[in-house]
Amino acid sequence: MAQINDEQLKEIIVIGAGVVGLTTALRIQEKGGYRVTIVAETFPTDPKSIRYTSHWAGAHHVSHATDERQRKMDQETFKVLWELSAPGRDTENLFVRHQQTEYRGDDLSSADWLEFMPDFKYLPENELIVGSRLAYSFSTITMNTPVYLNWLLARFLAQNGSIVRGSLQHIGQVIEGGASIFTDGKALRPVDAVVACVGLGARTLGGIEDKDVYPIRGQTVLLKAPWVRFGRTMTAADGTYTYTMPRSDGTMLVGGTRVPNDWYPLPRPEITEDILARALALTPELAPPHTRENHATTVNDLLPIVIEPGCGLRPGRKGGIRLEAEWFDGPKGRKVPVVFNYGHAGYGFLSSWGSASMALEILEGVLSGNGAPPAKAVAENASTIGTPGN
Ligand SMILES: Cc1cc2nc3c(=O)[nH]c(=O)nc-3n(C[C@H](O)[C@H](O)[C@H](O)COP(=O)(O)OP(=O)(O)OC[C@H]3O[C@@H](n4cnc5c(N)ncnc54)[C@H](O)[C@@H]3O)c2cc1C
């Protein structure tokens, strides 16, 4: 790339420091030609909060893509994460590479969207478990999400990225004043573009107020179980979804629930108990080895290894992820593009790098456009339906 002096850098504000905002900021920063500032109310270094979904995710890479655009995003992301998790890489320990087995009791005859995964195979009928009609396995990764998020933030900061804490009421606030509205009010340079990665915040943030965005509540339990290093899921005939995911620090995240429009911010004790019972039925190996030697294990055997129950609100969106740009009125009659990248429901980690690439493509398209700005620039093959994901 030709050397660009400081004055020529385009000023980009990314709103949001969840997995989507951090990954998008990195993609833009690493393209070159941009100075990127992340403005957010919550960062990965903060304590876990219901207002920040990314801390609560598993997160394994198990795609649920129903359309071409989503498949493309998920596959690109898998490639990046698989490389980062390669044995010997300094990032290896952010991940566990493991065998994943999925049991389906619902009405599914194939899982063709997952056939690209390494070691993918359908299991023979004699390996089905009670309640399943189809099963398949493959190799994938699970991230240790709190650590992975902090690694993303550290990588962004180490490359001269800036972060500013602030809670926006309206997107117009940063369009006019940039990140300086939360510091001294003296913007050094006008903002060239804003990228909104605000997750569930898109429902209420002024200037976006997207009523297609809604919470899909998910409850989990974190266990200490370093003796289990594989993942399983079970989708029951009634849609109940149970998973057990191994993390690199010897913990296991087990779940789950997927309840649309449930905003309750704390784990419900009766659901914690139900999750433990379902997780133990799916993965009896969760019980500490000594308890399995002399009796039939029960949920009581898991209680000593419980670290904490958890609960997060996935940013669901009717229509799937919003990836498009609109032009807003800026200061002194200028038009400023805003690129949207939100609504990742239960697949924000597993589609993060792919959706960040699409957001970058849209950004470069609108910034290089000559003449009158188009009203909207939309990613190709936009989804018409959304899936809840993990
Ligand atoms: C239980 C559970 C399990 C999951 N498992 C998986 C999995 O296995 N794999 C997977 O890929 N995904 C999984 N997910 C989904 C994943 O967690 C989400 O898709 C992802 O975290 C969404 O990230 P985000 O950056 O869009 O939102 P968030 O992480 O919520 O970040 C939003 C950011 O925007 C900021 N913001 C919002 N509004 C404003 C405002 N007005 N002013 C300033 N800042 C603002 C917030 O402060 C925050 O920094 C799971 C989710 C849950 C709850």
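The values are calculated or read from the model by the stated rules, or taken from the named source; none is laboratory data. Because the structure is a prediction, the values reported are computed rather than measured. Using ideal geometry, Cβ is built from the backbone for each residue, glycine included, and neighbour counts are taken over all protein chains shown. Surface areas here come from the heavy atoms of the whole protein model, side chains and all, with no ligands, DNA or RNA. Shrake-Rupley method; radii C 1.70, N 1.55, O 1.52, S 1.80 Å.
Being within 30 Å of Glu11 (Cα to Cα) and out of contact with any strand residue (DSSP E or B) (no Cβ under 8 Å at 6 or more places or on another chain) is a property that holds for Ala158. Among the candidates Leu108, Leu149, Leu153, Leu134, the residue that is touching a Leu at 6+ places or on another chain (Cβ under 9 Å) and at pLDDT below 95 is uniquely Leu108.
Mind checking whether some residue in region 15-23 is buried (at least 21 other Cβ atoms within 10 Å of the Cβ), more than 7 Å from the ligand (Cβ to nearest atom) and modelled with pLDDT of 95 or more? Yes: one or more hits. Using the structure shown, decide if Ile141 is at pLDDT 95 or above, among the hydrophobic types (A, V, I, L, M, F, W, C) and within 30 Å of Lys335 (Cα to Cα). Taking the combined requirement at face value, the residue does not satisfy it. When region 44-56 is filtered for residues that are open to solvent by less than 30 Å² (accessible area, probe 1.4 Å) and either more than 11 Å from the ligand (Cβ to nearest atom) or of a type outside the set (Ser, Thr, Tyr) (or both), the ones remaining, listed by number, are Pro44, His55. Residues of region 209-253 being open to solvent by 10 Å² or more (accessible area, probe 1.4 Å), in a strand (DSSP E or B), more than 13 Å from the ligand (Cβ to nearest atom) and aliphatic (A, V, I, L, M), which ones? Within region 209-253, just Met234 meets the criteria. Out of Ser180, Ser167, Ser139, one residue alone is under 30 Å from Thr101 (Cα atoms) and out of contact with any helix residue (DSSP H, G or I) (no Cβ under 6 Å at 6 or more places or on another chain). It is Ser139. Of the strands (runs of 3 or more DSSP E) lying entirely inside region 258-375, the ones with 2 or more residues being more than 21 Å from Lys31 (Cβ to Cβ) and open to solvent by less than 10 Å² (accessible area, probe 1.4 Å) are found at 306-317. Selection within region 244-265: residues that are of a type in the set (A, V, I, L, M, F, W, C) and in contact (Cβ under 8 Å) with a residue 60 or more places away in the chain. The member of this set that is nearest to Arg217 (Cα to Cα) is Leu253. Of the residues making up region 301-322, those that are within 13 Å of the ligand (Cβ to nearest atom) and under 18 Å from Glu209 (Cβ atoms) are Leu313, Pro315, Gly316, Arg317, Ile321, Arg322.
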